[in-house]
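Before any comments, here is the structure.
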Amino acid sequence: MEFVKLLFKVSFVVLLISCKQESKTIKSDEIWLDNNGVHINAHGGGMLFYDGKYYWFGEHKIEGEKGNKAWVGVHCYSSKNLVDWKDEGIALEVITNNPEHEITEGCVLERPKVIYNSASKKFVMWFHLELKGQGYDAARSGVAVSDKVTGPFEFVKSFRPNAGRWPLNVKEIHKQPIADDVLEKYCGGKGCLPGHPDSVNILGRDFEGGQMARDQNLFVDDDGTAYHIYSSEENSTLHISKLTDDYLSDSGDFIRVFSDRYMEAPAIFKNKNKYFLIASDCTGWAPNAARMAWAPTIFGPWEELGNPCFGDESNLTFRSQSTYVLTVSGKENAFIYMGDRWNPENAIDGRYIWLPFQFSENGIPKLEWMDEWSLDYFD
Ligand code: GAL
C-alpha cells in the first residue's frame, strides 16, 4: 500500500513538472515566429482581448529605412497564450492607387490601437497619421472601423482632435495669444517656449483647427468609457481625451497633463481603482528612460513616480519604448509592459520587449529585465 502511495506521489510530481515545462516562455528581443515561420510584423502595437483570444495589431514595416513609413498597413495576429501567434493578415491596408488619399502608401501610420464597442458591435481602430510628404507636421488622428475583429478595417476619417474646445483644466494664460515676435524669438514661430513653466501656447494656436496628436493610445475604463491619450502641443504635453459613446470621435472633454514634460509613447492601465501611465521621453527612435505616473481618476490629479525600471539599462527602458500595457485576462495583478526595440535602419527587424509588471507593497509598478519568463509568473 505504502509503495502504491509513493508511486502515486512521484507520478503526481512528475506530472506537475512536465506541465510546468510546457508553459511557453516569452523571450524579449528574439525573433518571434508566427504560424508561418515569419518574424511577427506588428510594431508600435496594441492588444485587444476578444472572445477568448488576444489580437495584436501593429505597424507592418518593410526592410530598410524606407520601412519606417507605411507601405502595407496594420498587421493583425491572434493568440490564446501570448506565445503562439497566428497571422491574421493585414487588418487595415494603406491605399495604393490614390496618391491624394489620406492613408496613401508612403504616409506615416503609427501606433494603431483597436477597441471593441459592444453597443455598435464595431471594432474601432485609432492611429497616428502623418500625411505623405509632410514629415511629422500633420500630427493627426486616424479612425477606421470593422465588423470583424481581424478586419478588413475601413478608413473613416482623420483629423486633429478637440477642435474648438478648451481642455477642462485650461488656464487663462493659454487663451491669450503670445505676440509673434516672442514666438519667433523662442521657437522659430512654431509656438513653443521651451523651459518656460507652463508657457506653451500652442493650445491657443491650434484651438480652431484641433490639437496636434502624435504618439497615441486608447484606454477603455470598466464602465465602457473610452479615452484617447496623445502627445500634443508639439509633443510637449499629453492630452487625455474622452471619446464619444461610439468611440469614433473625441467628445470634447479632455485635459492636458505633464505640461512641458515632452512625454511620448503613452500607455494607461488600471489596477485596483488606480490609473497608471507609462510613457517615454521624446528622443525619436532612440530609447530613453521611461516615466511612470498614477492618478485616482483618469482626469487626474496625476502624480509622477519616476522611472519604473531597475537594473542594467534601466535608464534606457532596457533599450525599448512603451507601446501598450496588457491586462492579462483571468489573472490578478497581471500586467505586461509591451515595448518596441526599434531598428530605424532596418525597420522590419524591430524587436519586442515584453516584461511583467511587479508591484511594491504600496502598489507602485516596477520593471526588471528578464531573459525569459512565462505567464506562470503571475500565479
Ligand atoms: C518616436 C515615436 C515613434 C515614431 C518616432 C519617429 O518618438 O515614439 O512612434 O514616431 O518617434 O521618429
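The values are calculated or read from the model by the stated rules, or taken from the named source; none is laboratory data. As the structure is a prediction and not an experimental result, all values here were calculated from the model. Reconstructed Cβ throughout: ideal geometry from the backbone, glycine too, with neighbour counts over all protein chains shown. Accessible surface is based on the protein model in full, side chains and every heavy atom, while ligands, DNA and RNA are left aside. Shrake-Rupley method; radii C 1.70, N 1.55, O 1.52, S 1.80 Å.
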Prolate/oblate/rounded call for region 80-126, Cα gyration tensor, a/c under 1.5 rounded: oblate
Most mobile listed residue (D215, D147, D349) in the chain, GNM with C-alpha springs under 10 Å: D147
Calculated [θ] (222 nm, deg cm²/dmol) that DSSP helices of n ≥ 4 give over the chain, each run adding -39,500 (n - 2.57): -3000 deg cm²/dmol
Taking the chain and dividing mean pair separation by its residue count, relative contact order in percent (alpha carbons under 8 Å, at least six apart): 13
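Which percentage, to the nearest 5, of the DSSP beta bridges contained in region 42-159 is antiparallel?
So the antiparallel bridges in region 42-159 amount to around 95 percent.
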Inter-label distance, nm, simple model (7 Å from Cα along the C-beta direction), V156/T244: 0.7
Gaussian network model of the chain, springs between alpha carbon atoms under 10 Å - residue of H39, H228, H60 with greatest fluctuation: H39
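Calculate, for region 42-159, the solvent-accessible area per residue in square angstrom, rolling a 1.4 angstrom probe over the heavy atoms of the protein chains.
The answer is 40 Å² per residue.
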Simple Cβ-charge dipole of the chain, Lys/Arg +1 and Asp/Glu -1, about Cα centre, in debye nearest 20: 640
Stokes-Einstein diffusion coefficient of region 337-379, Kirkwood radius over Cα pairs, 4 °C, 1.567 mPa s, in µm²/s: 106
Euclidean distance of C-alpha centroids, region 95-172 and region 244-269, integer Å: 14
Solvent-free Debye scattering, log10 I(q)/I(0), computed from the Cα coordinates of region 222-354 at q = 0.20, 0.22 Å⁻¹: -1.28, -1.43
In Hz, Karplus ³J(HN,Hα) per residue of region 260-275 (6.51, -1.76, 1.60; θ = phi - 60°; x = Gly, Pro): 6, 9, 6, 8, 10, 6, x, 9, 10, 9, 10, 9, 6, 6, 10, 9
Region 261-372 - charge dipole about Cα centre, Lys and Arg +1 at Cβ, Asp and Glu -1, debye rounded to 20: 440
Residues D84 and N169, FRET efficiency given R0 of 51 Å [Cβ-Cβ distance, rounded to 0.05]: 0.70
Prolate/oblate/rounded label for the chain (Cα gyration tensor, a/c 1.5): prolate
Cβ-based net charge around K242, under 9 Å, with every Lys or Arg adding one and every Asp or Glu removing one: -2
Stretch gain in nm, segment S23-W369, where the contour uses 0.36 nm per residue and the Cα spacing is subtracted: 122.6 nm
Exceeding the 32 Å Cα-Cα cut-off - candidates K53/K274; K24/K242; K66/K242; K86/K270; K86/K122; K66/K171: K24/K242; K66/K242; K66/K171
In order through region 332-346: 3J(HN,Hα) via Karplus (6.51 cos²θ - 1.76 cosθ + 1.60), integer Hz, x for Gly, Pro: 8, 6, 10, 10, 10, 6, 10, x, 10, 9, 5, 10, x, 6, 9
